[in-house]
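**Student:** Sharing a structure here in structure tokens format.
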Amino acid sequence: MAEKFDVIVVGAGPAGTACAYTLAKAGVNVLLIERGEYPGSKNVMGGVLYRKMMDDIIPEFYKEAPVERHIVEQRFMMLDQESAVTFSYKGLEWDQEPYNNFTVLRAKFDQWFADQAVKQGALLINETVVRECIVENGKVVGVRTDRPEGDLYADVVVLADGVNSLLAKSLGFHKEFRPDEVALAVMEVLKLDKKIIEDRFSLEGNQGCTFEIFGDSTKGVLGTAWLYTNKDSVNIGVGAMLSGLIKHKMKPYELLDYVKNHPVLRPYIQGCEQQEYLAHLIPEGGYHSMPRVVGNGVIVVGDAAQLVNAIHREGSNMAMASGVMAADTIIQARELGGDFSERGLDNYRVNLLNSFVGQDLKKYKDATHHFEKFPHYFDKYIPMMNRAASQMFTIDGTPKREKQKKIWNDLGSAGEKFRMARDLFQAWRVMK
Ligand SMILES: Cc1cc2nc3c(=O)[nH]c(=O)nc-3n(C[C@H](O)[C@H](O)[C@H](O)COP(=O)(O)OP(=O)(O)OC[C@H]3O[C@@H](n4cnc5c(N)ncnc54)[C@H](O)[C@@H]3O)c2cc1C
């Protein structure tokens, strides 16, 4: 007789583990299935982890969890071939508990988080791939794994299997991605002495710093590069929309090499030693790409439900929040007599859309597609801004009014200026 659980969660990333933890804490008999050797062994992230959503699950987790550094400064770099205009916010309020966010290495963090779910009573099995959902009479009743006699049953199956959710696809919840709905990202973890990191990035103790790098970092294609500080390593990576990479025949690892050798960025990683090379997809289609998230006996969470806010590089927090909302819905459905049909579980969809997750995805619903369609924000306006900064800050005896006039003339003809004003207005509209 195949084993039966109250809930089976597929995938021990932030979404699945948050769900399993919350269920187990409430006394629900939950099985968490992970295909990797251990949770996190295959997982990739830039890696900023937001404190609030994790703290809601395990208060003051950062006192125990393997976090790297708490972030006190966020820099935004507009990169051209030989220049950068940088905006930065450094806030010492972020240097104090409970902190704002942290850098993490997923291989360590996911494992720790899953251990906490196990301590609450969840059963974790690693090195097990879920091949398909078992559907009987139009309801998901379990999963078929790659283990011998590997059919397992449950009242509800939660799909937390990440961006390319083959399981949600096989249920017909979403179609194959279009290349303008996903970004392909590659990154390296580079070993660097702790003291050098602190000196190079103006940090003290466990303070950390993040760089988001736009423009020439992706050679004008919609995407970003990043550089984050860990304890004794830095993460450097670049991600660009698959459609842009295909169109411009760019290879992501070539872009990463370009970023690492960029004259403005190179000094930050000088003397580093490569520790790891990672590649992964990011679902960036936003609100319009969200699949169906609830069915009879099944709920979809995290990246599998495309819950990523590409504008603010938020994903892990949305994954966790959705995992908790799925767990809360299941707990409530159990208390109300155990209606695990699509209708009985629909509260998850409603709560998700009403939460910050749904609201933020809706707010930016047209942003990615807009910037994808009009790449000149990256390949034209950023270089223009950098040239203007260079003009203004080069002291060569030219009166400032003359410099302003030159900058204005460099913006082009009246028609070009009008188009630029229209573009900036459109950008404001899709971001407001
Ligand atoms: C390069 C990169 C940089 C990023 N940077 C950030 C950042 O700085 N901050 C941020 O918040 N977000 C970031 N994100 C997004 C973030 O990583 C994701 O949104 C988040 O990991 C989603 O969590 P998840 O649990 O839904 O999916 P995942 O973390 O992908 O976890 C899915 C899990 O399911 C397992 N699995 C998959 N299929 C099966 C199966 N069939 N059977 C069993 N197990 C299975 C996988 O092994 C994995 O453990 C980044 C993403 C990438 C790729």
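**Student:** Can residue 304 be described as crowded, with 18+ Cβ neighbours inside 10 Å, touching an Asp or Glu at 6+ places or on another chain (Cβ under 7 Å) and more than 21 Å from residue 142 (Cα to Cα)?
**Tutor:** Against the criterion (crowded, with 18+ Cβ neighbours inside 10 Å, touching an Asp or Glu at 6+ places or on another chain (Cβ under 7 Å) and more than 21 Å from residue 142 (Cα to Cα)), residue 304 does not qualify.
**Student:** Among the candidates 264, 294, 238, which residue alone is buried (at least 19 other Cβ atoms within 10 Å of the Cβ) and more than 24 Å from residue 49 (Cβ to Cβ)?
**Tutor:** 294
**Student:** Quick one: in segment 87-131, of everything that is more than 14 Å from the ligand (Cβ to nearest atom) and at positive phi, which residue is surrounded by the fewest Cβ atoms within 10 Å (Cβ to Cβ)?
**Tutor:** 121
**Student:** Among 84, 24, which is in the same structural domain as residue 111 (by TED's automatic domain parsing) and in contact with a helix residue (DSSP H, G or I) (Cβ under 9 Å, 6 or more places away or on another chain)?
**Tutor:** 24
**Student:** Would you kindly identify the strands (runs of 3 or more DSSP E) lying entirely within segment 1-77 that contain at least 1 residues that are more than 15 Å from the ligand (Cβ to nearest atom) and touching a residue at least 60 places away in the same chain (Cβ under 8 Å)?
**Tutor:** Counting at least 1 such residues, we get 4-10.
**Student:** Of all residues in segment 179-227, count the ones that are of a type in the set (S, T, N, Q) and buried (at least 22 other Cβ atoms within 10 Å of the Cβ).
**Tutor:** Count: 4.
**Student:** Which residue is farthest from the chain's Cα centre (by Cα), if the candidates are limited to segment 169-206 and must be more than 16 Å from the ligand (Cβ to nearest atom) and basic (Lys, Arg)?
**Tutor:** 195
**Student:** While we're here: Across segment 132-147, which residue is surrounded by the fewest Cβ atoms within 10 Å (Cβ to Cβ) among those that are in contact (Cβ under 8 Å) with a residue 24 or more places away in the chain and closer than 16 Å to residue 161 by Cβ?
**Tutor:** Filtering segment 132-147 for residues that are in contact (Cβ under 8 Å) with a residue 24 or more places away in the chain and closer than 16 Å to residue 161 by Cβ, the one surrounded by the fewest Cβ atoms within 10 Å (Cβ to Cβ) comes out as 132.
**Student:** Residues of segment 415-432 being basic (Lys, Arg) and surrounded by 11 or more Cβ atoms within 10 Å (Cβ to Cβ), which ones?
**Tutor:** Correct list: 417, 419, 429.
**Student:** Would you point out the residue of segment 99-147, among those that are of a type in the set (Gly, Ala, Ser) and touching a strand residue (DSSP E or B) at 6+ places or on another chain (Cβ under 7 Å), that is farthest from residue 12 (Cα to Cα)?
**Tutor:** Among them, the one singled out is 142.
**Student:** Restricted to segment 136-147, and to residues that are out of contact with any Phe, Trp or Tyr (no Cβ under 7 Å at 6 or more places or on another chain) and within 16 Å of the ligand (Cβ to nearest atom), which residue is modelled with the lowest pLDDT?
**Tutor:** The extreme case among them is 147.
**Student:** Those residues that are β-branched (Val, Ile, Thr) and either within 8 Å of the ligand (Cβ to nearest atom) or not assigned by TED's automatic domain parsing to the domain that holds residue 124 (or both), I need them from segment 148-166; list them, please.
**Tutor:** 163
**Student:** How many residues does segment 177-207 contain that are assigned to a strand (DSSP E or B) and over 19 Å from residue 271 (Cα atoms)?
**Tutor:** Qualifying residue count, segment 177-207: 6.
**Student:** Let me ask something else about it. Restricting the search to segment 364-379, which residues are part of a helix (DSSP H, G or I) and in contact (Cβ under 8 Å) with a residue 60 or more places away in the chain?
**Tutor:** 367, 368, 369, 370, 371, 372, 378, 379
**Student:** Assuming residue 345 fulfils every condition listed in (1) closer than 22 Å to residue 164 by Cα; (2) more than 16 Å from the ligand (Cβ to nearest atom); (3) among the aliphatic types (A, V, I, L, M); (4) part of a loop (DSSP other than H, G, I, E, B) apart from one, which condition is it?
**Tutor:** All conditions pass for residue 345, except number (1).
The values are calculated or read from the model by the stated rules, or taken from the named source; none is laboratory data. Because the structure is a prediction, the values reported are computed rather than measured. When we count neighbours, we look across all protein chains shown, and the Cβ atoms used for this are built from the backbone with ideal geometry, even at glycine.
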